[in-house]
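> Quick one: the structure is below, questions incoming.
The values are calculated or read from the model by the stated rules, or taken from the named source; none is laboratory data. Since the model is a prediction, treat every value here as computed from it, not as a measurement. Here Cβ is always computed from backbone atoms with ideal geometry, including for glycine, and neighbour counts include all displayed protein chains. Just the protein is used for accessible areas: all its heavy atoms, side chains included, with ligands, DNA and RNA removed. Shrake-Rupley method; radii C 1.70, N 1.55, O 1.52, S 1.80 Å.
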Amino acid sequence: GTFRRIESEKKIIDWQSANSENIVPLHWPFGLEEYASIYPKNIAIVAGSKQEGKSTFLYNFIKLNMYDYQIDLYNTETGAEQMKDRFTDLGIPLDAPLNVYERYDNFADVIVPDHISVIDYLDLNSDFYLAGFEIDQMFRKLTTGIVVAGMQIPPPSTHLVRGIKKVLDRDYAYGGGLTAKRAFLYLSLSSHKLKLKHAKKPAKKNIHPENMMWSYDFSDKGDFINIQRYFGDNDEPL
């Protein structure tokens with residue numbers, strides 16, 4: 001058998017004196033702050049198919065907020081030269097007030113509890129089942145900070161529907177629904193469309209933003225252009 005030490009300490013949550021309107025006024029690409037809000041100690045997941053703009057979304061998020069918050073970027077994907085090239089194309093200056101670190105795993109060990117931590121991206125290789133655990137550990141580390149983590153979505157699946165081939169994009173990253181367990185905000189990018197998959201705090205009480213979608217293209221420099229609200233599953237935004 002196995003044994004563990006009994007942990008009897010309990011941390012009291014003073015919910016009576018908490019301010020339920022203590023929204024962190026972050027700015028998001030696509031103007032998502034008009035539809036979804038986020039609190040301190042929250043996790044946001046930006047899941048994307050390959051070459052669909054995960055890094056572009058995260059870098060734009062940094063650019064929109066870096067003068068108002070302490071942002072730490074944990075990079076797993078590029079070298080310094082490629083990062084400088086991307087930053088320059090997206091208008092992030094050389095003197096940007098931003099900490100950039102190389103980090104590949106165990107992010108909960110290094111994130112600062114009251115900073116905005118951006119992870120590009122959370123890659124668990126073949127250990128997809130650990131995704132929920134890794135995200136949960138980061139959540140436990142946070143105090144007033146926020147984690148915005150990019151993750152990779154599996155390729156689309158193809159199905160025959162009444163004899164017609166249908167390509168179905170996936171909404172969740174590798175690890176499936178476990179990646180959304182701790183997520184207060186969950187975004188998916190695939191087929192040049194962004195879906196606001198989960199939003200636990202609508203910015204406006206009369207608008208429920210879950211599953212809202214936007215279509216987009218890329219400019220020559222790799223930034224988002226032609227952003228439009230998208231309705232339905234046809235090829236034309238309405």
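> Below 8 Å between Cα atoms, with a sequence gap of 6+, how large is the relative contact order for the chain in percent?
Values: 445 pairs, mean separation 54.5, N = 238.
For the chain, the relative contact order is 23 percent.
> Pick from Thr88, Thr76, Thr158: which is most flexible by mean-square fluctuation in a GNM of the chain where alpha carbon atoms under 10 Å apart are linked?
Thr158
> If you don't mind, another one. Can you tell me the dipole magnitude for region 134-238 around its Cα centre, using point charges on the Cβ only (Lys, Arg +1; Asp, Glu -1), in Debye to the nearest 20? Intermediate values should be presented prior to the final figure.
Details: 17 positive and 11 negative charges, 113 e Å.
About 540 debye.
> Please report, as a whole percent, how much of the solvent-accessible surface of region 78-154 comes from carbon and sulfur atoms (probe radius 1.4 Å). Present the calculation step by step, with values, prior to reporting the outcome.
Details: 1930 of 3900 Å².
C and S fraction of accessible area: 50 percent.
> Oh, and also: Just to confirm, what accessible area per residue do you get for the chain at 1.4 Å probe, in whole Å²? Please list the in-between numbers first.
Details: 14030 Å² over 238 residues.
Per-residue value: 59 Å².
> Still on this structure, I have one more. Using a Gaussian network model of the chain with C-alpha springs under 10 Å, which one of Leu168, Leu64, Leu98 is most mobile by mean-square fluctuation?
Of the options given, Leu168 has the highest mean-square fluctuation.
> When you count, for each residue, the other Cβ atoms within 10 Å and take the mean per peptide, how do 13-20, 38-45 rank with the highest first? Kindly include the intermediate steps, with their values, before the conclusion.
Numbers: 13-20: 6.9, 38-45: 20.8.
Packing order, densest peptide first, comes out as 38-45, 13-20.
> Under unit Cβ charges (Lys, Arg +1; Asp, Glu -1), what dipole magnitude, rounded to 20 debye, does region 31-81 have relative to its Cα centre?
It works out to roughly 120 debye.
> Out of all DSSP beta bridges in the chain, what portion is antiparallel? Express it as a percent rounded to 5.
Working: 21 of 48 bridges.
Counting only bridges with both partners in the chain, antiparallel ones make up about 45 percent.
> With charges only on Cβ, +1 for K and R and -1 for D and E, what is the dipole size of the chain about its Cα centre, in debye, rounded to 20? Walk me through the intermediate numbers first.
Numbers: 28 positive and 32 negative charges, 204 e Å.
Dipole of the chain, to the nearest 20 debye: 980 debye.
> Over its Cα atoms, what ratio of radius of gyration to 2.2 N^0.38 Å does region 27-139 give?
Ratio of Rg to 2.2 N^0.38 Å for region 27-139: 1.05.
> What does DSSP give for region 33-164 in terms of the percent of beta bridges that are antiparallel, rounded to the nearest 5? Write down the numbers at each step before the final one.
Working: 1 of 22 bridges.
Looking only at bridges with both residues in region 33-164, the antiparallel portion is about 5 percent.
> Can you work out the Karplus-derived ³J(HN,Hα) for every residue in region 47-57? Use 6.51 cos²θ - 1.76 cosθ + 1.60 with θ = phi - 60°, whole Hz, and x for glycine or proline.
Those phi angles translate into 9, x, 5, 4, 6, 10, x, 4, 5, 4, 4 Hz.
> What is the packing order of peptides 21-28, 201-208, taking the mean over residues of other C-beta atoms within 10 Å and listing the highest first? Provide the component values of the computation, followed by the final result.
Numbers: 21-28: 14.1, 201-208: 11.0.
Result, highest mean Cβ count within 10 Å first: 21-28, 201-208.
> Next up: Over region 132-238, what is the relative contact order in whole percent, taking alpha-carbon pairs under 8 Å and six or more residues apart? Can you show the working numbers first?
Numbers: 144 pairs, mean separation 15.9, N = 107.
Over region 132-238, the number comes to 15 percent.
> Right, something else. As a test of the formula, what do you get for the chain when each DSSP H run with n ≥ 4 contributes -39,500 (n - 2.57) and the sum is divided by the residue count, at 222 nm and rounded to the nearest 500 deg cm²/dmol? List each step's numbers first, then the result.
Working: 3 runs with 33 residues, N = 238.
Estimated from H runs of four or more residues: -4000 deg cm²/dmol.
> Under a 5 Å amide H to amide H cut-off, with H placed in plane at 1.01 Å, what residues pair with Leu73 once short-range neighbours are removed?
Asn99, Val100, Tyr101, Val118
> Round to a whole number: what % of the accessible area of region 167-208 belongs to carbon and sulfur, probe 1.4 Å?
So the carbon and sulfur contribution to the accessible surface is 51 percent.
> Same structure again: Determine the relative contact order of region 138-199: mean sequence separation of Cα pairs under 8 Å and six or more apart, normalised by residue count, in whole percent. Walk me through the numbers on the way to the answer.
Working: 66 pairs, mean separation 13.5, N = 62.
With pairs under 8 Å counted, the relative contact order is 22 percent.
> To one decimal place, what orientation-averaged projected area in nm² is obtained for the convex hull of the Cα set of region 114-186? Working shown, then result.
Values: hull surface 22.7 nm².
For region 114-186, the mean projected area of the Cα convex hull comes to 5.7 nm².
> Find the all-direction average of the projected area of the Cα convex hull for the chain, expressing the result in square nanometres with one decimal place.
Spelled out: convex hull of the Cα atoms, projected over all directions, averaged, 17.5 nm².
> Using the structure shown, list the pairs from Lys141/Lys181; Lys10/Lys141; Lys54/Lys197 with a Cα-Cα distance above 21 Å, or answer none.
Values: Lys141/Lys181 16 Å; Lys10/Lys141 16 Å; Lys54/Lys197 15 Å.
In this structure, no pair lies more than 21 Å apart at Cα.
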